[in-house]
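Shown next, in structure tokens, is the structure this report addresses.
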Amino acid sequence: MKAGPLLHERHQLSAEAFVELRIWRVPRRVPGSNHDLKYALAYVVGGICVLRYDNEAGKGDHRHVGKSETPYAFTTPAALLADFWKDVDQWKPE
């Protein structure tokens, strides 16, 4: 089985901000993760990525908020997207 895209979307939230969502099913789990998905979810404001959820090889599931990086407890793709959008909503200016 080859890697296959499950989701690839870009949402323009304002003139200065967008979200890009990418999730793939992979033939083997990414080292550090316990599932068969590879993902990168990013919120970019003014050309700067201010929020990112990803699971790069060796680091496993984690999120970046500004310059801070913390582990992320992945459960399901739906929960991943819900958690990401919740963080985007908290970050967005009123």
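The values are calculated or read from the model by the stated rules, or taken from the named source; none is laboratory data. A quick note: this is a predicted structure, and the numbers were derived from the prediction, not measured. We place every Cβ from the backbone using ideal geometry, glycine too, and count neighbours over all the protein chains shown. Remember, those area values only see protein heavy atoms, side chains included, never the ligands or the DNA or RNA. Shrake-Rupley method; radii C 1.70, N 1.55, O 1.52, S 1.80 Å.
Structure data summary
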{"quantity": "Surrounding net charge for R10, when Lys and Arg each add one and Asp and Glu each subtract one, Cβ distance under 11 Å", "calculated": "-1"}
{"quantity": "Listed peptides 26-32, 36-42, 8-14 by packing density, highest first (mean Cβ within 10 Å)", "calculated": "36-42, 26-32, 8-14"}
{"quantity": "Whole-angstrom gap from segment 1-36 to segment 47-76, using each part's C-alpha centre", "calculated": "12 Å"}
{"quantity": "19 Å reach of a label modelled at R29, 7 Å along Cα-to-Cβ, counting backbone N of segment 45-80", "calculated": "54-63, 71-80"}
{"quantity": "Estimated FRET transfer efficiency (E9, T76; beta-carbon r; R0 25 Å; 0.05)", "calculated": "0.90"}
{"quantity": "Accessible carbon and sulfur surface of segment 12-94 relative to its total accessible area, %, 1.4 Å", "calculated": "54 percent"}
{"quantity": "For segment 1-93, convex hull of alpha carbons as volume per residue, Å³", "calculated": "96 Å³"}
{"quantity": "Charge tally in the Cβ shell below 15 Å around K86, where Lys, Arg are +1 and Asp, Glu are -1, K86 excluded", "calculated": "0"}
